[in-house]
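The values are calculated or read from the model by the stated rules, or taken from the named source; none is laboratory data. Everything numeric here is computed off the predicted structure, so don't read it as measured data. All Cβ positions, glycine included, derive from the backbone under ideal geometry; neighbour counts span all protein chains shown.
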Ligand code: UDP
């Protein structure tokens, strides 16, 4: 490896682990000069340790464990300060961040601030740039806008996101590469399950911090389970579990709630589910790539490419619309060919960084 420049990768949640793991593994395999910083925004065993282990990320240089003791606002402030100290010590040439989390935001801002003060000369690299839901109530929307505007290298999944960045006046290095999730899904074989079931995940702030919305989602799922005579498997985010308890929401006995499950098992469920219901971002991509139908419990999406090819459907939390869509799916009226998310994406990103 004749590329001697130093790279810091900063991450801290389940989706960041899943989507950065293939890139980190290339850094390792090809002996890049790199350091890994894990903020610990996701800290519970089944949201972080299981995933780090699964993807063989056993070489964290900084494991900050900041999520457990801090509310999300406090977390951003504390990580922002701690991460500046790390940057000053490591003085990387490149900082790689992914997506739209608070970890991503605080990391990019810390580097931007030190660059502006001439204490650092680090290129900020945003993987999964240009996503916009145009819904300012989503905390993630604010994060991704800010990160895109302070970044030097922006890797957009599709042309749609590139156009958004260009229209916002960003004139840095923008490259359409696809989404690194394809690398995590590559070469997988899936066990076949015989029983028919629906799959559900819910965790977005707008859905779970609002008792009415969370209650409505679970009520719709109960109705759907009864109507189509199928169980709903519901691996439940810790925060959602707390809210269900707090709001004392009653759940239909066909909805089988559990702790979050490891990635391999989750993908087997996704691949075998009749239909998946979710408000997750990553699942919109995974379902599309694995040719599985998704019904999204949101009114908008930052992944319009999935609507364009019809792999995804925005439910608007409208029971009638959802039942109509399920019937259409069961009557084989909806299908799509290729996913818009490319291939060999992590490699393309590292190559672009090396040669540009
Ligand atoms: N996932 C998982 N186990 C679960 C639920 C989800 O491995 O019990 C995976 C899922 O396949 C996807 C990622 O977690 O890759 C999505 O994470 P999340 O929904 O928390 O974040 P988002 O994608 O919305 O940012």
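Observations on the model:
- Residues being closer than 21 Å to residue 265 by Cα and within 14 Å of the ligand (Cβ to nearest atom) - total across the stretch 44-98: 12
- Close pairs (7 angstrom Cβ cut-off, 6 or more residues apart or separate chains): without any contact (Cβ under 8 Å) to a residue 12 or more places away in the chain in the stretch 12-41, within 16 Å of the ligand (Cβ to nearest atom) and part of a helix (DSSP H, G or I) anywhere: none
- The lone criterion from (1) loosely packed, with under 15 Cβ neighbours inside 10 Å; (2) within 15 Å of the ligand (Cβ to nearest atom) left unmet by residue 303 is number (1).
- When 250, 291, 243, 254 are screened for being at positive phi, at pLDDT 95 or above and either surrounded by 20 or more Cβ atoms within 10 Å (Cβ to Cβ) or more than 14 Å from the ligand (Cβ to nearest atom) (or both), only 291 passes.
- In a residue-by-residue description of the stretch 181-191, the property of being more than 26 Å from residue 110 (Cβ to Cβ) and in a strand (DSSP E or B) applies to no position.
- Residue list for the stretch 1-46, restricted to those being part of a loop (DSSP other than H, G, I, E, B), at pLDDT 95 or above and in contact with a helix residue (DSSP H, G or I) (Cβ under 7 Å, 6 or more places away or on another chain): 12, 13, 39, 41, 42
- Within the stretch 195-208, residues that are under 13 Å from residue 279 (Cβ atoms) and outside any loop (DSSP other than H, G, I, E, B) have Cβ atoms under 7 Å from residues that are within 12 Å of the ligand (Cβ to nearest atom) and at pLDDT below 95 in these pairs: 205/139; 206/138, counting only partners at least 6 apart in sequence or on another chain.
- In the stretch 16-43, the qualifying residues are those that are loosely packed, with under 14 Cβ neighbours inside 10 Å and within 22 Å of residue 182 (Cα to Cα), and the one that is nearest to the ligand (Cβ to nearest atom) is 29.
- Test result for residue 202, crowded, with 21+ Cβ neighbours inside 10 Å and either away from the ligand (no atom under 16 Å from the Cβ) or within 25 Å of residue 338 (Cα to Cα) (or both): no
- Filter result for residue 161 (free of Cβ contacts under 8 Å to residues at least 40 places away in the same chain and within 16 Å of the ligand (Cβ to nearest atom)): yes
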